[in-house]
Amino acid sequence: MSDLYGANTPLIAKVMDLRLERQNLVVSNLANINIPGYKARTLEFENQLQQAIGSQEMRDNLSRTSGKHVPGTFDVEAYKGESLKEFKPRTIYGADAVDMDKEMTTMAKNSLMYNALTTVMKSNFDGIQKVIMDGGR
């Protein structure tokens, strides 16, 4: 199924889920801003996600047979997404109270990143729609 929608579709979907989860956590922090003793929580996943999709997949698929070879980079087309099945984001309980400016900045950045991912996902589906609409012309 990933061939039909693009090799990176499962990865994009997972990152969109994580961004939604982060947005919910930020909203929760803002909702509890006036609760005495409440500590802000954050969701960290970017570094862990890079490790999950990059390092193990590259070690399994690439080998340098000579010291003169340039090390390879992550190939999205070859990515199958198995490493994401057990991936769990890490929720960190903060040491500080909720800072509204920080939370609003996090929310804005997260929204921009989510919107960028929806644009990429939409372009995948637009291509499929074009093929369907053009048919066998």
Q.
Given the condition surrounded by 14 or more Cβ atoms within 10 Å (Cβ to Cβ), in contact with a strand residue (DSSP E or B) (Cβ under 7 Å, 6 or more places away or on another chain) and modelled with pLDDT under 90, answer yes or no: does some residue in the stretch 46-66 qualify?
A. yes
Q) Within the stretch 109-137, how many residues turn out to be farther than 20 Å from L25 by Cα and either over 25 Å from the mean Cα position of the chain (by Cα) or basic (K, R) (or both)? A) 9
Q) For the stretch 69-108, what are the residues that are closer than 21 Å to K39 by Cα, within 18 Å of the chain's Cα centre (by Cα) and either at pLDDT 80 or above or exposed (fewer than 14 other Cβ atoms within 10 Å of the Cβ) (or both)? A) R90, T91, I92, T106, M107, A108
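The values are calculated or read from the model by the stated rules, or taken from the named source; none is laboratory data. Note that the structure is predicted; figures quoted are calculated from it, not measured. Virtual Cβ from ideal backbone geometry, glycine too; neighbours counted across all protein chains shown.
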